[in-house]
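Taking it in order: structure first as structure tokens, then the write-up.
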Amino acid sequence: MSDASLNAPRPKSSLLTLNARTKKRNAAEKRFKAYGITAIAIGVFFLAVLAFSIIRSGLPAFTNVVISVDFTLSQDEFDAAEKELFKTKAYQGLFNAAVKQTVADNQIDVAFEDDAIERIMGKTGGIIREHYRANPDDLGKPVAFELPVASRVDGYINGRVTRDTVQDSRFLMLTDLDLVDGLQEAGVIRNAFNWNFITGADSGVDNPGGAGIGASVVGSFFMMLVVLFLSLPIGVAASIYLEEFAPQNRFTDLIEVNISNLAAVPSIVFGILGLAVFIQFMHLPQSAPLVGGLVLTLMTLPTIIISTRASLKSVPPSIRDAALGVGASKMQAVFHHVLPLAMPGILTGTIIGLAQALGETAPLLLIGMVGFVARGYPDGFIAGFTEANSAMPAQIYTWAARADVSFYEKAWGGIIILLIFLLTMNIIAIILRRRFERRW
């Protein structure tokens, strides 16, 4: 390089002046920020659309159309109905007579056949029979019944069914709608909050108005107890051993690789494993929350182990060195110092694993929880684990697979309740992490 090139004048520049290269970098940075904001906006938009669709489709499940009837059953009528071969039909005939009397009392001037009441109400005999069997003191007294109407009548009141779309069938006649309009104007038929949907049990394919998710919530609760009391101690113990005590060799490397692979295995594979091991080999009761909990425990363990090991790694090595330096043993250093500091991450990973297990459907398909219709609550605490029951995801799947359109609303409503549980569990995880988290 010559002296002339070294002494050549350099272009004057200032830190306060933007040159072309700086402007180019700033423009690229602004574009990248715009891309990020756009991606977030698109994600929020689709999330809002999903939330709106779920709420709009699921809210009707929390209300139902009921018919209010004051009904009095005498002791003689009760004894006579109990002697009939078809008891539910006998009770239904008595209740239909009370509905006819209600029509007359409200001066509803509509001509109708006796079968019209049964088409409007559906099958009510079983409900009446169970009420008086459980409450014999109500015999001879007026009892106010609020019973759900048939699904097609519910659809007509809520606008899903119109007179133009109704075709005469054994389920509903076009002339029946005149009686429905008269009962609605008189206040006998009205919309009410459907507490039975939250606290009740599945009613079968013929009565979507009486279907509830309460029994399935109880089944999910018992399954989560099994998952919690098995996966948490096993997962944490395995993580502590692998992270703090296990020697680094090919065997432990193989275990770590397989744990990571198990976390990516489709959940239905665990269902097949549970069917083969717990039901066919161990002969545990089919459709029981105990079996469902065992299957979900196998599925949740890899998630808990991975999150627990990450929490243990996040504890600075200086904590271990300080504990060992003052004379603590390896176990004392881990259990007295490392584990308490890693506990927020362990709890967070456990709750997230439980939330994932709560929403799983595929493993429950193979152990029979979908094929079982949960019509009641378990008789006791132990029965909650061993008696056949359903779970929230399985119940939602069952409703969505039924032909009656009214069950679709129940499925969407069940999704709302399931999402509430999942959001609650995630909020608890965030609170626990904020509560116990320590900054270094």
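The values are calculated or read from the model by the stated rules, or taken from the named source; none is laboratory data. Everything numeric in this text was worked out from a predicted model, so none of it was measured. When we count neighbours, we look across all protein chains shown, and the Cβ atoms used for this are built from the backbone with ideal geometry, even at glycine. Surface areas here come from the heavy atoms of the whole protein model, side chains and all, with no ligands, DNA or RNA. Shrake-Rupley method; radii C 1.70, N 1.55, O 1.52, S 1.80 Å.
3J(HN,Hα) along the range 419-436, derived from phi through the Karplus expression 6.51 cos²θ - 1.76 cosθ + 1.60 where θ = phi - 60°, amounts to 5, 4, 4, 5, 4, 4, 5, 5, 5, 4, 4, 5, 5, 4, 5, 5, 6, 9 Hz, with x in place of Gly and Pro. Each 20 Å bin from 0 upward holds the following percent of the Cα-Cα pairs of the chain: 19, 37, 26, 13, 4, 1, 0. Would you tally the net charge around Val66, using a Cβ to Cβ cut-off of less than 13 Å, leaving Val66 out, and scoring K and R as +1, D and E as -1? Cβ neighbours under 13 Å give a net charge of -1. Relative contact order for the chain: 19 percent, from Cα pairs under 8 Å spaced at least 6 residues apart, divided by residue count.
Distance from the alpha carbon centroid of the range 290-356 to that of the range 150-202 works out to 55 angstrom.
Every pair of different Cα atoms in the range 91-159 enters the Kirkwood calculation, which places the hydrodynamic radius at 13.3 Å.
Within the range 203-290, report the GluC sites (Glu not before Pro) that DSSP leaves as loop and that have at most 13 other Cβ atoms within 10 Å. Working shown, then result.
On the way: sites: Glu243, Glu244, Glu256; in loops: none.
In loop regions of the range 203-290 (DSSP not H, G, I, E or B), there are no sparsely surrounded GluC sites (Glu not before Pro).
Within the shell defined by Cβ-Cβ distances under 14 Å, the residues around Leu94 carry a net charge of -3, with Lys and Arg each +1 and Asp and Glu each -1. What does the net charge come to around Arg163 if you take all other residues with beta carbon closer than 13 Å to its beta carbon, with K and R at +1 and D and E at -1? That sum, taken over residues with Cβ under 13 Å, equals -3.
For Ser203, nonlocal amide neighbours, meaning residues 5 or more places apart or on other chains whose placed amide H falls under 5 Å from its own, are Ala211, Gly212.
In debye, nearest 20: dipole of the range 51-107 around its Cα centre with unit charges on the Cβ of K, R (+) and D, E (-)?
The calculated dipole for the range 51-107 is roughly 420 debye.
In the range 196-313, a dipole from Cβ-located charges (positive for Lys and Arg, negative for Asp and Glu) runs towards its positive end, and of Leu275, Val295, Leu242 it is Leu242 whose Cα lies farthest in that direction. Relative to the dominant Cα principal axis of the chain, helix 20-58 is inclined by about 20°. Using R0 = 30 Å, the C-beta based FRET efficiency linking Val49 and Ala383 works out to 0.10.
Each of Ser169, Gly187, Asn207 was scored by the projection of its Cα onto the charge dipole of the range 128-209, and the greatest displacement toward the positive side belongs to Asn207; charges sit on the C-beta of Lys, Arg, Asp and Glu. Packing order of peptides 154-163, 285-294, highest average first: 285-294, 154-163 (average count of other Cβ atoms within 10 Å over each peptide's residues).
Could you calculate the contour length gain from Thr72 to Asn426, that is, 0.36 nm times the residue separation minus the distance between their Cα atoms, to one decimal place in nm? Working shown, then result.
Values: separation 354, 0.36 × 354 = 127.44 nm, distance 4.95 nm.
Stretched out fully, the Thr72 to Asn426 stretch lengthens by 122.5 nm.
Across the protein chains, with a 1.4 Å probe defining accessible surface, the residues Phe197, Phe112, Phe421 rank Phe421, Phe112, Phe197 from largest area downward.
If R0 is 30 Å, the Cβ-Cβ spacing of Ser318 and Ala27 corresponds to a FRET efficiency of close to 0.10.
Highest first, please rank the peptides 123-131, 247-255 by the mean number of other Cβ atoms sitting within 10 Å of their residues.
Result, highest mean Cβ count within 10 Å first: 123-131, 247-255.
Across the range 330-343, computed HN-Hα scalar couplings (Karplus, 6.51 cos²θ - 1.76 cosθ + 1.60, θ = phi - 60°) run 4, 5, 5, 4, 6, 7, 8, 10, 5, 4, x, 6, 8, 4 Hz from first to last residue, x flagging Gly and Pro.
Of all accessible surface on the range 99-252 at a 1.4 Å probe, what whole percent is carbon and sulfur?
Values: 4240 of 7900 Å².
Exposed carbon and sulfur together represent 54 percent of the surface.
Using Cβ point charges alone (K and R +1, D and E -1), the dipole size of the range 121-221 about the Cα centre works out to roughly 200 debye.
Within straight-line reach of Lys123, meaning a Cα separation under 27 Å, sit the following lysines at least 8 residues removed in sequence or on another chain: Lys83, Lys87, Lys89, Lys100, Lys141, Lys410.
Return a whole-number percent for the relative contact order of the range 41-170, with Cα pairs under 8 Å and 6 or more residues apart as the contact set.
Values: 99 pairs, mean separation 49.0, N = 130.
Relative contact order comes out at 38 percent.
For the range 111-243, take the convex hull of the Cα atoms, compute a quarter of its surface area, and give me that in nm², please.
Details: hull surface 54.0 nm².
The directionally averaged projection comes out at 13.5 nm².
Divide the volume of the convex hull around the Cα atoms of the range 379-440 by the residue count and you get 138 Å³ per residue. In the range 117-158, taking the dipole from charged Cβ atoms about the Cα centre, the farthest positive-side position among Phe145, Ile157, Asn135 is held by Ile157. Per the Debye calculation on the range 181-316 with a single equal scatterer at every Cα and no solvent contribution, log₁₀ I(q)/I(0) for q = 0.12 Å⁻¹ amounts to -0.67.
Where Rh is the Kirkwood radius over the Cα pairs of the range 47-121, the temperature 37 °C and the viscosity 0.692 mPa s, what D in µm²/s does Stokes-Einstein return?
Working: Rh = 15.6 Å.
So the translational diffusion coefficient is about 211 µm²/s.
Overall, the chain carries a charge dipole of about 3740 debye about its Cα centre when +1 sits on the Cβ of Lys and Arg and -1 on the Cβ of Asp and Glu, all other atoms neutral. Taking amide H positions as modeled 1.01 Å from N, with prolines and chain starts lacking one, the residues under 5 Å from Leu147 and 5 or more places away or on another chain are Ile67, Val69.
Only DSSP H runs of four or more residues enter the estimate; each adds -39500 (n - 2.57), and after division by the residues of the chain the mean residue ellipticity at 222 nm equals -19500 deg cm²/dmol.
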